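All remarks here apply to the structure that follows.
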Amino acid sequence: MLRLILITLSCYYTQTDTIPLLPTAETLEQREARLQWWRDAKFGLFIHWGPVSIKGTEISWSRIGHPHDHPGMESVPAEEYDNLYKQFNPVKFNADAWMQLAKEAGMKYVVFVAKHHDGFSMWHTKLRPEYSIKATPFQRDICKEIANSAHKYGLKLGWYYSTRDWTHPDYLVGDNRKYDEFYRGQVEELLSQYGRVDILWFDHVAGNWHHYDFKSLFEMMYRLQPGIIVNNRVARFIRPTEDKPTPEIEALTKGDFDTPEQHIGNFQNTRPWESCITITECPDGGGWSYRPECRTRSAKECIQMLVQCVTGDGNLLLNVGPMPTGEIAEEQMAVLKEIGTWLQKYGESIYATRGGPYLNGKWGGATYSGNNIYLHILQSLNNSITLPPLKSKILEITVLTGEQVEIKQTDKNLHIEFPKGQINPIDTIIKLVLDKPASEEMINGKPIPIPNELR
């Protein structure tokens, strides 16, 4: 038995006598190398799904009696909500269809909700099997099928795991030791049973610092998946207490990237970030799980959200909520495919770029790679835009989206004019080839400030 376990673990890491390097011990170069694929990827698929899709209400938050905010979302009695799994039988679920759709949309990674705040596990967990997908009529291990398909289609794999659990009997009871052991055990299952895992996307834990053994958690995670990337929410909502954590624990729980939710983050190139936004827009601000009454955003809206994230030096994690049958709604699939068509044409201005050298704003923004700058113009005043000058010489100008533009560079400004008002309804993309690396246009590592009227 021990031999089998060691063989299995060798799939994820080469065993040594020491724990693989924790992020707190990394050099800047090692950290950048670990995050490089993610920063180049730019665009990922978020999937919230579970028995609650039967009701078509918000995942977790629609359960009446939950102990936290968003009271306006409550609509399903706890007893009914907690027993929905007995009816959950998504016979049309096909992981390959989902991953093919993600690829077609131009996404490079997928983050699947393995467990949300309601405590229901979407895999064959041994730690609470009675409230997991194994106890449903469907029975199949959803996470296993998602993982196998993601690997098959060359998508990086991420698990979302809620560290809060409103239905677990030991959650925030006493010193919370039993629950701490439980959730670390579940995380270990997710990182050891499904091949390579690239991202762990935690969400909101409550209580005090001494309720959790974060050091053991991170040592386990990086032992099983040495190159894993972790977000900044593993210790979010921890209450300040006198027994403050060590600087190492504070640094570990800060994670690798920030996670603005349901809005575009500000320009930030000093620390990685990713906006997570739903493809549906609901009046109550939700829309993570299947909500048929909510509006599906247009492809134009989603593309512009992606552009705003990338020009701000961030990523976009776009969420869909599949139906109770296991299918993604037709209108959502159509939007994703339209985004993919756009990215096939203009992906060079998105993937493997960095935000800058101009500060983004209402006008749009810029990305750069090598000697190339890509201006993304989302709107203009009076059919023209005047930007601060560049230090480098412009060798070549190409309007990737095909509009007629006139560009004049002086020592005072860079003036762009649309003589026939031909601004692309989604994004006018202008490629500037410079005689020097575009990164040299940054001012001490910061983007070039822009005029007030363009902010």
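Computed from the coordinates by the stated procedures, all read-outs in this text should not be read as laboratory data. Small disclaimer: the values here were computed from a predicted structure and weren't measured. Cβ atoms come from the backbone with ideal geometry, glycine included; neighbour counts cover every protein chain shown.
Diagonalising the gyration tensor over the Cα atoms of the stretch 12-349 and scaling each eigenvalue by 5 before taking the square root yields semi-axes of 28, 26, 20 Å, largest first. Cross-link pairs exceeding 30 Å in C-alpha to C-alpha distance, out of 126/152; 92/345; 103/431; 152/362; 108/420, comprise 92/345; 152/362; 108/420. For the stretch 126-281, the Cβ-based charge dipole about the Cα centre amounts to some 380 debye (Lys, Arg positive; Asp, Glu negative; other atoms uncharged). Kindly express, to the nearest 10 degrees and within the range 0 to 90, the angle between helix 28-41's C-alpha long axis and the longest C-alpha principal axis of the chain. Taking the Cα atoms of the chain, the angle to 28-41 is about 80 degrees. Could you state the angle between the C-alpha long axis of helix 330-346 and the longest principal axis of the C-alpha atoms of the chain, as a value from 0 to 90 degrees rounded to the nearest 10? The two axes meet at around 40 degrees.
Per-residue packing, averaged as other Cβ atoms within 10 Å, sorts the ranges 164-170, 196-202 into the order 196-202, 164-170, beginning with the highest. For residue 401, the amide hydrogen comes within under 5 Å of the amide hydrogens of 429, counting only partners 5 or more places away or on other chains and with H modelled in the peptide plane. Once the cut-off is 15 Å, how many percent of the Cα-Cα pairs in the stretch 354-454 end up in the long-distance tail? Value for the stretch 354-454: 58 percent of Cα pairs lie more than 15 Å apart.
Of all DSSP beta bridges confined to the stretch 357-455, the antiparallel ones make up roughly 95%. Please name which of 168, 325, 438 has its Cα lying farthest along the dipole of the chain towards the positive end, using unit charges on Cβ (Lys, Arg +1; Asp, Glu -1) and the Cα centre as origin. It is 438. Farthest toward the positive end of the dipole of the chain, out of 311, 454, 253, is the Cα of 311, where the dipole comes from beta carbon charges about the Cα centre. The packing ranking, built from the mean of other Cβ atoms within 10 Å per residue, places the peptides 23-32, 416-425 in the order 416-425, 23-32, highest first.
A simple charge model with +1 on the Cβ of Lys and Arg, -1 on the Cβ of Asp and Glu and nothing else charged puts the dipole of the chain at about 700 debye relative to its Cα centre. Based on C-alpha pairs under 8 angstrom that are at least 6 apart in sequence, the chain has a relative contact order of 15 percent. Ordering of 88-101, 36-49 by packing is 36-49, 88-101, highest average first (other Cβ atoms within 10 Å, averaged per residue). Nearest 5 is fine: what % of DSSP beta bridges in the chain come out antiparallel, could you say? If we restrict to bridges inside the chain, about 50 percent are antiparallel. Helical content alone sets the calculated 222 nm signal of the chain at -7500 deg cm²/dmol, taking -39,500 (n - 2.57) per DSSP H segment of four or more residues and averaging over every residue.
Expressed as an acute angle from 0 to 90° and rounded to the nearest 10, what is the orientation of the C-alpha long axis of helix 299-311 relative to the principal long axis of the chain? Long axis of 299-311 versus the principal axis of the chain: about 80 degrees.
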